Every structure is written in structure tokens, then in C-alpha cells.
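Single-structure report; data block below.
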Amino acid sequence: MSMSETERLTTKTYQPGEVIFHEGDPGKHVYLIVSGSVEIYKTVGDQRQLLNTIGSGEIFGEMGLVSNEPRFATVIAADDCRLIMVQDKAFHHALVNEKMPIIKPLISQLVDRFRNVEIQNHDYLKRISHLENELSYAREKLLNYELAKED
């Protein structure tokens, strides 16, 4: 028995500040933002940190369904937004059959996200290398200062 199109795709509207899902929730849907924007937060200790704000045309909630793990972050409507919700079973079916129009933008978005992470990691590694060089220079100066004091 196959699901009808209306069972697989649902449109829902959220008000500003309304929680779409919480960090740790099981993944039940992938979301496509039709209009508006959402904020993605991660809880670190007692602090809520904003990870990203995304808007119209972007997809979120896919990682939990792909990895079959609980939600990594909390997503809150930043303003009035309308979302298309793709049910988890329909999403997995689409991944296998590639018959839903969400697959191409999803894969493109995932590639872009991973590329951005790779760029950030590269920038962090460059910064770490620079800091290591500065630390080495400071150690050398301190050692020279200590040796000069002994004389």
C-alpha cells in the first residue's frame, strides 16, 4: 500500500519563536522552507548557541533522517514561515527511488554544507599554525630574556 502525495508532503505554518523541533527529538520529517526563515540552535552546557539562520528554498532536518540519530539541534521559526514537511518514510523511499523533486536540492545542499565545513576547518588549521608560530617565537624570546638575566 503506497502513501498518497498528501500523506507524504504536508505544508505547515509557524509563528516567530515557535519551536519546529527540539535537540534530541527523533527525526520524523525533512523540512523545505517555502517562505520565511528559521534559526538553528545547539545547547552547549547551559547556553543556547545560534549555529545558523536559513531561509526560503533551504532544507533542514535531513541529517537526523540520513544518520537515523536524534535531532542534533533545536530549530525555531525566526519569523512567519511556511514549511513543506516530508515524512521520514517518504524521504527514505525518495532516497532509494529518486522520484521526489527534493532529492536534487538536498544533495546539492549537503555537498555545499560539507564544503563549507571543509573550508572552515582549513581556515582553523591555518589559524592554529599561525598561533603555534607565534607561541614558538614568544618561547624563544622568553628563553633569550631568561638567559640574558643569568649573565
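Restricting to segment 60-85, name every residue that is farther than 19 Å from E18 by Cβ and at pLDDT 80 or above.
Result: E62, P70, F72.
Of all residues being without any contact (Cβ under 8 Å) to a residue 12 or more places away in the chain and not hydrophobic (A, V, I, L, M, F, W, C) in segment 31-64, which is farthest from D112 (Cα to Cα)? Just the residue, please.
D46
Given the criteria over 18 Å from P105 (Cα atoms), touching a strand residue (DSSP E or B) at 6+ places or on another chain (Cβ under 8 Å), surrounded by 15 or more Cβ atoms within 10 Å (Cβ to Cβ) and of a type in the set (D, E, K, R), does E23 qualify?
Considered against the rule, which asks whether it is over 18 Å from P105 (Cα atoms), touching a strand residue (DSSP E or B) at 6+ places or on another chain (Cβ under 8 Å), surrounded by 15 or more Cβ atoms within 10 Å (Cβ to Cβ) and of a type in the set (D, E, K, R), E23 comes out as yes.
Q87 fails exactly one of the following numbered conditions: (1) surrounded by 15 or more Cβ atoms within 10 Å (Cβ to Cβ); (2) out of contact with any Leu (no Cβ under 9 Å at 6 or more places or on another chain). What is the number of that condition?
So Q87 meets the others, but not (2).
If I ask for residues that are in contact with a Ser or Thr (Cβ under 6 Å, 6 or more places away or on another chain) and under 14 Å from G27 (Cα atoms), which ones from segment 41-88 would you list?
Result: M85, single match.
Quick one: in segment 87-113, which of the residues that are more than 18 Å from the chain's Cα centre (by Cα) and aliphatic (A, V, I, L, M) is modelled with the lowest pLDDT?
Applying the filter and picking the extreme gives M100.
The values are calculated or read from the model by the stated rules, or taken from the named source; none is laboratory data. In this text the structure is predicted, and so the values were computed from the model without any measurement. A quick note on method: Cβ atoms are made from the backbone with ideal geometry, for glycine too, and the neighbour counts reach across all protein chains shown.
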